[in-house]
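First the structure, in the form of C-alpha cells, and then the observations on it.
Rule-based calculations on the coordinates, nothing more; no lab input. Bear in mind that the values here come from a model prediction, so they are computed numbers and not experimental data. Cβ: placed from backbone, ideal geometry, glycine included. Neighbour counts: every protein chain shown.
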Amino acid sequence: METQASRASKRSLREAIGKLKLKLEFAQTRGGSFAGTARLFYYAGLKPPLVTRGVLAFAPERILRIPFAASENEVWEVCVRDNQLDLVTLTEFFSPRAFITDEFPDIEPKIIYDIGANIGVASLFFAAKYPRAKIYGFEPLPSNYEICSMNYRNLNQAQAFPWAIGSSSCTATFEFSASDNRGGRLATPVTGNSQSPNQRIIVEVISLADLIQAKKFDPPDFLKIDVEGAELEVLNGVGNNIGAIKAIHLETHGPELRAQCLSWLRGNGFSVVGEREDMPGYGSVWCRRS
C-alpha cells in the first residue's frame with residue numbers, strides 16, 4: 001500500500017517536473033538560438049534546484065549576458081546577476097504563461113515612466129510590447145542602476161536615471177538589504193520602522209512634477225510604480241500633470257498604504273480595472289483614466 005510519504009514525494013516530483021517544463025518553454029521561446037536556449041534554461045531552470053541541493057552556488061557579483069529573443073527579428077543581450085532573483089523577474093515578465101503580462105493596459109502609450117526600474121526588466125517588456133513608446137527609467141540603487149543601464153543599451157528610445165521619485169525634490173535616505181538586491185525604498189514614516197534593511201545611502205529624489213517642469217521631461221501617459229512602500233509619495237508628487245496620465249500600474253506594500261493609494265487614484269479620476277493581492281495589501285493595482 002502506498003504511504004502518505006510516498007504520495008507526497010510523487011506529488012513533489014510532479015511539481016518539480018512541471019516547473020522545469022515551464023522554464024524550458026520559456027527558454028525555447030526566448031533563447032534566440034540553440035545555444036541561447038540552453039544557456040537560458042540552465043540559469044533559469046536547472047541551476048536553482050541544484051543550488052538548493054547544495055550541488056552548486058550562486059555568484060551574485062557575476063553579471064550574466066544572455067541572448068534573449070525580443071521578437072522574431074530582434075535578439076537582445078540581457079544582463080542579469082547570477083542570483084536567481086533577477087532571472088525570476090525576467091521569467092515573470094516574459095514567460096509565455098506569465099500572469100503579470102495581463103495586468104498591463106491595452107493602450108499604446110507614447111511616454112512610459114518606469115519608476116523603480118530595478119535592473120530594467122519591466123522596461124524591456126514595455127519596449128517589446130509598445131515598440132513605439134519612449135521609456136524613462138528611474139532606479140536609485142547603484143548596483144541595480146548599473147545593470148539597468150546595460151539593459152537599456154538594447155533600446156533605441158529609452159534612458160535610465162539614478163534617481164528616486166518622490167513627493168518633492170530633495171536628498172533622502174534610501175534603505176536596502178544587502179541580501180536582497182531586487183531593490184530598496186525611501187525611508188518614510190510608513191516604511192522607516194518596518195522590516196530592517198541593513199544598509200542606507202543618500203540619494204537624489206525628484207518629484208514627477210519637477211521632472212516635467214524643471215528638467216523638461218516629456219509628460220508620461222503611462223506610469224509603472226514599484227517603489228517598495230513609497231508609492232503614495234510618488235503619486236503625491238504628480239502635481240498638475242495628472243491630466244496627461246492615461247494609465248497606472250502600481251505595486252502596493254501594505255493594507256493601509258494600498259487603501260490610501262486606491263483613494264488617491266479614484267479621487268484623481270482613475271478607474272481600477274484590475275487588482276491582485278498575493279497577501280493582504282501586497283500586490284498590484286492597475287487602472288485607467290475614467
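Values for this structure:
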| quantity | calculated |
| --- | --- |
| Cα extents of the stretch 1-93 along the three principal axes, largest first (Å) | 55, 31, 21 |
| GNM top mover of PRO60, PRO131, PRO280 - the chain, alpha-carbon springs below 10 Å | PRO280 |
| For ALA158, residues with placed amide H under 5 Å, excluding near neighbours | ILE135 |
| Assigned charges on the beta-carbon of Lys, Arg, Asp, Glu; the stretch 98-290 dipole about Cα centre (debye) | 560 debye |
| For SER169, residues with placed amide H under 5 Å, excluding near neighbours | SER207 |
| Candidates GLY137, GLY267, GLY239, ranked by Gaussian network fluctuation over the chain, Cα under 10 Å, top entry | GLY267 |
| Sites excluded, GluC sites (Glu not before Pro) in DSSP loops with at most 15 other C-beta within 10 Å, longest stretch of the chain | 75-290 |
| Mean ellipticity per residue at 222 nm, deg cm²/dmol - from DSSP H runs of n ≥ 4 across the chain, formula -39500 (n - 2.57) | -10000 deg cm²/dmol |
| Karplus 3J(HN,Hα) series, Hz, for the stretch 89-97 with 6.51 cos²θ - 1.76 cosθ + 1.60 (x for Gly, Pro) | 4, 4, 5, 4, 8, 10, 4, x, 10 |
| Pairs of lysines in the chain (C-alpha under 24 Å apart; 8 or more residues apart or interchain) | 25 |
| Cleavage-rule hits (trypsin sites (Lys or Arg not before Pro)) in the stretch 115-161: DSSP loop, at most 14 neighbouring Cβ within 10 angstrom | ARG132, ARG153 |
| Cα Rg, Dmax, the stretch 219-290, angstrom units | 11.1, 33 |
| Candidates ILE100, ILE115, ILE245: whichever shows maximal mean-square fluctuation once the chain is modelled as a Gaussian network with Cα springs under 10 Å | ILE100 |
| Karplus 3J(HN,Hα) series, Hz, for the stretch 52-58 with 6.51 cos²θ - 1.76 cosθ + 1.60 (x for Gly, Pro) | 4, 8, x, 6, 10, 9, 6 |
| Long-range amide H partners of LEU56 with built H, under 5 Å | VAL51 |
| Matching label, Rg and Dmax of the Cα atoms in Å computed from the structure shown, candidates (i) 18.5, 58; (ii) 19.8, 74; (iii) 26.5, 91 | (ii) |
| Residues MET279, MET150, sorted so that the one with the fewest Cβ neighbours within 10 Å comes first | MET279, MET150 |
